1. Please give, to one decimal in nm, the separation of the simple spin-label points placed at Arg179 and Ala381, each 7 Å out from Cα toward the Cβ.
2. Just to verify a number: FRET efficiency for Leu585 and Glu366, C-beta to C-beta distance, R0 = 51 Å, to 0.05?
3. Can you tell me the FRET efficiency between Lys45 and Gln564 if r is taken as the Cβ-Cβ distance and R0 is 56 Å, rounded to the nearest 0.05?
4. Can you tell me the convex hull volume per residue for region 71-206, based on C-alpha atoms, in Å³ to the nearest whole number?
5. Provide, for q = 0.16, 0.31 Å⁻¹, the log10 of I(q)/I(0) from a solvent-free Debye sum over equal Cα point scatterers in region 66-124.
6. With the cut-off at 1.5 for a/c, could you classify region 161-211 from its C-alpha gyration tensor as rounded, prolate or oblate?
7. Roughly speaking, what is the stretch gain from Ser256 to Thr157, that is 0.36 nm per residue apart minus the C-alpha to C-alpha distance, in nm to one decimal?
8. Of the cross-linked pairs Lys236/Lys286; Lys114/Lys158; Lys288/Lys586; Lys45/Lys355; Lys372/Lys589, which ones have a Cα-Cα span greater than 32 Å in the structure shown?
Amino acid sequence: MSKMMPRALRILPLAAALSAGLVFAENTARTFPDTLAAQEQAYRKGVVSVSHPLAAEAGARMLEEGGNAIDAAAAIQFALNVVEPQFSGIGGGGFMMIHLAKTNETFIVDSREKAPAAATPDMFLNQTFAAASTSGHSVGVPGTVLGVETALAKWGTKSLAQTLQPAITLADSGFRINRFLSADINNERTALQPEAQALFRLPGGAPLPEGHLLRQPDLAKTFRLIAAQGSQVFYKGEIAKAIVEAQKRSNPALGSAGVGRMALSDLAAYDVAIRQPVEGDYRGVKVKSMSPPSSGGLTVIQMLKMLEQFPIGDADQGFGFGSTRTLHVMTEAMRLGFADRAVWMGDEDFVPVPKRGLISSCYLSERRQLIKPDQRLATAAAGDPRACDTADAGDAPLRLAGLEEEKGVHTTHFSVVDRDGNVVSYTTTIENTWGTGIVVPGYGFLLNNELTDFNFTPTRNAATGNPGANDVEPFKRPRSSMSPTMLFYQGKPVAAYGSPGGATIINSVLNVTLNLVDHRMSIQQAIDAPRWSVTSAAGTITCERGITAETLQGLAALGHQVPQVNGAPACASTIGSVQGIVIDLKNGKQYGGADQRREGTVIGIREVGG
């Protein structure tokens with residue numbers, strides 16, 4: 001993995017750096033796919049890459065039994081509810097990006113949660129995240145069950161009941177919890193409500209230890225109900241009634257103000273949306289990612305287009321992996337991208353999101369000029385992309401609203417490819433670790449706290465031009481950072497990946513994209529490499545071990561506030577958990593990469609040589 005080691009810088013003037021970036025882009029476009037799977041095991045009949053081995057086995061079983069990528073994704077999602085209940089499940093929602101090989105179509109099943117009819121823009125005003133997120137007040141109408149059912153009905157080959165069976169078996173028979181789940185159980189959210197405490201803690205209140213056999217009979221019962229009756233039992237039947245009652249729980253700090261606002265009519269009215277991905281070209285590679293209500297795809301593509309001017313990956317010019325110059329321009333692109341995200345991105349079913357403008361050459365030609373290779377931008381403010389999105393931009397001055405505090409960072413992502421070349425890239429969540437901490441009594445699944453992804457303080461302001469893109473509204477989906485992503489080369493999919501991590505999801509996807517396209521890493525190398533993240537215009541940096549002190553000192557000299565450990569520049573964070581697959585266009589071989597930041601697992605069907 002020598003290509004991942006930082007190398008000495010040779011500083012170029014700005015004009016020379018930009019010219020070098022164009023030349024480097026041309027070379028990348030000619031050779032990009034050849035290194036994607038340099039070190040991984042090859043398969044031909046399908047691959048799953050999942051954050052937990054038991055969920056990977058559930059998906060692989062679907063493929064072995066003749067199912068397609070959509071069938072495998074359904075089985076994985078339900079199994080993850082059993083083995084990673086703290087991250088995702090039927091009490092939450094997500095984005096399933098699907099590529100169909102036969103028709104060459106790519107689209108997303110949007111099962112993001114919605115605000116109930118009684119939601120108001122000021123419903124979280126003056127509340128702390130800790131209190132609001134552990135209250136029924138923050139529960140959005142869950143979308144996962146209908147999202148998976150819709151995908152199976154339209155594009156799957158297995159029934160909902162068939163894809164639920166592995167999860168039913170796991171919930172009934174139990175499984176030995178791993179060190180990640182054991183560590184996460186040691187969290188106050190598993191002790192706030194009696195049902196969660198009874199399920200995830202020992203008598204007396206101690207967290208379940210690693211290796212404990214966890215059985216979940218109530219969850220198995222719920223899955224059997226859904227298998228027998230379909231989503232109707234969840235949205236209009238007995239499970240719906242139980243959800244409405246459960247979300248009436250409130251954190252004591254909020255009293256009656258924290259009671260959930262969801263009614264049976266909200267569940268009955270829930271619908272999924274089929275969306276088109278946002279797309280952008282990066283060095284001849286087509287990037288397709290999640291569109292609004294997620295901010296993920298737009299921000300990733302914005303940052304890539306701002307970085308395309310630099311010869312990232314060329315260590316001889318100072319842009320090798322982990323170098324001061326590379327991380328500096330990445331930081332600046334992240335700052336500018338997140339500044340725009342704070343103002344313009346939200347649910348476009350409710351607010352006009354200038355998504356064409358945000359990723360247009362018209363707008364980004366101005367934004368990219370703000371990034372100087374040897375100078376930190378003093379202030380990273382939102383721009384105004386409206387002139388590049390529509391003919392009339394208006395003349396109201398724009399001022400950046402105050403940024404919201406960071407929300408939950410736990411989610412999960414998995415990727416699948418089947419024997420026919422159908423691909424799924426699926427990010428799914430209950431928002432914070434353990435969601436609200438409310439387990440639906442008698443049904444065994446956790447409720448999300450997704451509504452805390454809205455602005456706590458409304459930002460809509462006609463005088464400043466702020467559209468309030470992420471203010472709470474009835475039936476609106478909160479802004480997300482989830483970024484299921486696929487790369488295409490010469491019109492065909494060559495990679496699919498994504499990550500958990502709250503706002504850091506966007507930067508994990510950016511890191512992996514740069515690693516694959518610019519740094520010429522294989523999928524596993526790209527996942528293993530240390531990550532770099534900035535999630536605000538202010539430029540606060542988080543980073544992983546493996547970035548050298550010399551690099552950090554170089555960044556500090558440019559004015560960046562680098563992280564410190566024991567008074568010295570150092571990186572010590574853990575960022576994301578990327579699971580990905582790649583496809584070799586020359587021979588059709590399929591490969592997977594999995595993240596050991598969790599218990600990432602790749603399972604391929606009918607292994608072949610090389």
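What follows is calculated from the coordinates using simple rules that are stated; it is not laboratory data. Treat the numbers as computed from the prediction; the structure is a model and nothing was measured. Glycine also receives a Cβ, built like all others from the backbone with ideal geometry; neighbour counts cover every protein chain displayed.
1. Placing both labels 7 Å beyond Cα along the Cβ direction yields 4.9 nm.
2. So the FRET efficiency works out to roughly 0.90.
3. The calculated FRET efficiency here is 0.70.
4. It is 151 Å³ per residue.
5. Those come out to -0.69, -1.25, one per q.
6. Taking the square roots of the gyration eigenvalues as a ≥ b ≥ c, region 161-211 is prolate.
7. The span from Ser256 to Thr157 would gain 31.0 nm if fully extended.
8. Check vs 32 Å cut-off fails for Lys236/Lys286; Lys45/Lys355; Lys372/Lys589.
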